[in-house]
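*Asks:* The structure is given below, and queries will be raised subsequently.
The values are calculated or read from the model by the stated rules, or taken from the named source; none is laboratory data. Fair warning: this is a prediction, and the values are worked out from it, not measured in the lab. All Cβ positions, even for glycine, are placed from backbone atoms using ideal geometry, and neighbour counts span all protein chains on display. Quick note on the areas: whole protein, heavy atoms, side chains included, nothing else; ligands and nucleic acids left out. Shrake-Rupley method; radii C 1.70, N 1.55, O 1.52, S 1.80 Å.
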Amino acid sequence: MAATRLAMQLAMDRPTAPIEMHHWPSDQPCRPRFMIIGAPKCGSTSLFKYLEMQPQMQQPAHKELCYFSAFKRHMLRGRLGAVNDWGLYVSAFSGRVSLTDAMRERCSRNATECARTHGKRRGHGGRGGRRRAALAAVGDEAAGGQQQVTSDDEAAQRRAQCEDGRLLPFEGCPFYLGEHAAASMIHATFPQLKVIAVVRNPRERTVSAFNDYVRVGRIRQEDGNDRELASLVVEMIRKVQSGERSLEDFDVRLLTSGVYIHGLRKWGQEWPMEQLLLLQAETLFSEPRATVERILNFLNIQGGPASSDYGVFNRNPLRHRARATSFVNRTLDAFFAAYNLELYAWCLRHAVPFTVWPNASDAESAQILPRSLLPLAA
């Protein structure tokens, strides 16, 4: 059963070492000025790409550094290329060269771990051969699969442009929105930061996330069908309703990443509302240029969007994807209904423009799953 196998892959054990708090070094001017904080499968990749097109923006070495996300760290556990070290995180904002150099230095200091993580995977025999292969491999991982830049000029140029304010460094991690600890840690580290959240009809987001889990191998392709989707949705809802799982537990995040009010309430407590912008994926894709203009105004950037060609990035390439049956749609609508009503009330209270999703406040759905059966999104 897909639910059982997924639970085994996303085991409940948490990372043994907590995420350490740090102060940004004064000699590193490329400090992030804003972040795209999520949610997953809501268009955050497309939004990241749209902002990359702006000449005033400076993207990090690769998307989804996710240093402050416990969930991302859990998924990348054991990978030396993961940016789970403060020094690597800082280096990533000066470009791929800086991150690659930092990773190679770390690899040199941890030769055994480096060889085990990278060298064996590439099929090089012997400890020395594996270590040499690993040192070459970290450059590929630092670049996030992109072509490696070989000149130190990139890092120096970026630092100079950050220092005089010509570039606005930013990060994108779709998991930050749903993690209370991330909101607190990021605010403690970057209190002047602006944050952008993009959300999507949670029913559609959940189905998209299921198919994405199939794409990346967390769910086997033979289990990526309508029946297994329905089974997994029912099982995750049961775990959350019963209190067996919290909204942030790893093996139900496919479902609970759509409980946006859980994260927005915390982010709204940590941040002044003038530093938080909430977007909807439906508007992002129907009116991309106007959405980018809204973001530029939010960031106090002069000039309009640099491009008029906005596509959809990170589409799922699988030919056969699970489709939501009417049963799955009704079940998801019922689960999310009360949470969405809380979201709408939060938006009204904070004067945040928001378009109600067509299925979200359906009275019949709300009656199917009474609010008293749902854990508080606190």
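*Asks:* Is at least one residue of the range 35-47 part of a loop (DSSP other than H, G, I, E, B), within 21 Å of Val216 (Cα to Cα) and among the polar types (S, T, N, Q)?
*Replies:* Here is the first cut: in the range 35-47, the residues part of a loop (DSSP other than H, G, I, E, B) are 39-43.
Keeping just the survivors that are within 21 Å of Val216 (Cα to Cα) gives 39-43.
With the extra rule that they be among the polar types (S, T, N, Q), the set shrinks to none.
No: zero hits.
*Asks:* If you check Asn340 against the conditions, is it open to solvent by less than 50 Å² (accessible area, probe 1.4 Å) and touching a helix residue (DSSP H, G or I) at 6+ places or on another chain (Cβ under 6 Å)?
*Replies:* Numbers: open to solvent by less than 50 Å² (accessible area, probe 1.4 Å): yes; touching a helix residue (DSSP H, G or I) at 6+ places or on another chain (Cβ under 6 Å): no.
No; evaluated as a whole, the condition is false for this residue.
*Asks:* Being free of Cβ contacts under 8 Å to residues at least 24 places away in the same chain, farther than 21 Å from Pro191 by Cα, part of a helix (DSSP H, G or I) and charged (D, E, K, R) is the filter here, so list the residues in the range 258-305 that pass it.
*Replies:* Arg289, Glu293, Arg294
*Asks:* Please find, within the range 163-215, the residue that is surrounded by the fewest Cβ atoms within 10 Å (Cβ to Cβ) out of those that are in contact with a Gly (Cβ under 9 Å, 6 or more places away or on another chain) and among the basic types (Lys, Arg).
*Replies:* Residue satisfying both the conditions and the ranking: Arg215.
*Asks:* Can I ask one more? Pull up the range 173-191, narrow it to residues that are outside any helix (DSSP H, G or I) and touching a residue at least 12 places away in the same chain (Cβ under 8 Å), then point me to the one that is nearest to Phe285 (Cα to Cα).
*Replies:* Our first condition is that a residue be outside any helix (DSSP H, G or I); within the range 173-191, this holds for 173-179, 190-191.
Right, trim to touching a residue at least 12 places away in the same chain (Cβ under 8 Å) and you get 173-179, 190.
Working: Cys173: 19, Pro174: 17, Phe175: 21, Tyr176: 22, Leu177: 20, Gly178: 22, Glu179: 26, Phe190: 30 Å.
Checked the range 173-191; the qualifying residue nearest to Phe285 (Cα to Cα) is Pro174.
*Asks:* Which pairs turn up if I take residues in the range 192-204 that are of a type outside the set (Val, Ile, Thr) and look for partners that are in a helix (DSSP H, G or I) with beta carbon separation below 6 Å, at least 6 apart in sequence or on another chain?
*Replies:* Cβ pairs passing all conditions: Lys194/Gln275; Arg200/Ala281; Pro202/Phe336; Arg203/Leu332; Arg203/Asp333.
*Asks:* Considering each residue of the range 57-87, count those that are among the polar types (S, T, N, Q), part of a loop (DSSP other than H, G, I, E, B) and at pLDDT below 90, and give that number. Explain how you work it out, then say what you get.
*Replies:* At the first step, the residues of the range 57-87 found to be among the polar types (S, T, N, Q) are 58-59, 69, 84.
Right, trim to part of a loop (DSSP other than H, G, I, E, B) and you get 59, 69, 84.
Retained after the next criterion (residues that are at pLDDT below 90): 59, 84.
Residues flagged as among the polar types (S, T, N, Q), part of a loop (DSSP other than H, G, I, E, B) and at pLDDT below 90 within the range 57-87 amount to 2.
*Asks:* Any residue in the range 239-253 that is in contact (Cβ under 8 Å) with a residue 12 or more places away in the chain sitting within a Cβ distance under 8 Å of a residue that is among the hydroxyl-bearing types (Ser, Thr, Tyr) and buried (at least 21 other Cβ atoms within 10 Å of the Cβ)? List the pairs, counting only those 6 or more apart or interchain.
*Replies:* Here the result reads Val240/Thr256; Leu247/Thr256; Glu248/Thr256; Asp249/Thr256, each pair linking the range 239-253 to a residue that is among the hydroxyl-bearing types (Ser, Thr, Tyr) and buried (at least 21 other Cβ atoms within 10 Å of the Cβ).
*Asks:* Another question, if that's okay. Conditions first: (1) part of a helix (DSSP H, G or I); (2) at pLDDT below 50; (3) not aliphatic (A, V, I, L, M). His124 passes all but one, so which condition is the exception?
*Replies:* Among (1) part of a helix (DSSP H, G or I); (2) at pLDDT below 50; (3) not aliphatic (A, V, I, L, M), the lone unmet condition for His124 is (1).
*Asks:* While we're looking at this one, here's another question. Mind checking whether some residue in the range 310-321 is open to solvent by 10 Å² or more (accessible area, probe 1.4 Å) and in a helix (DSSP H, G or I)? Can you show your working first?
*Replies:* As a first pass, look at the range 310-321 and keep what is open to solvent by 10 Å² or more (accessible area, probe 1.4 Å): 310-321.
Still in the list and also in a helix (DSSP H, G or I): none.
Within the range 310-321, not a single residue is open to solvent by 10 Å² or more (accessible area, probe 1.4 Å) and in a helix (DSSP H, G or I).
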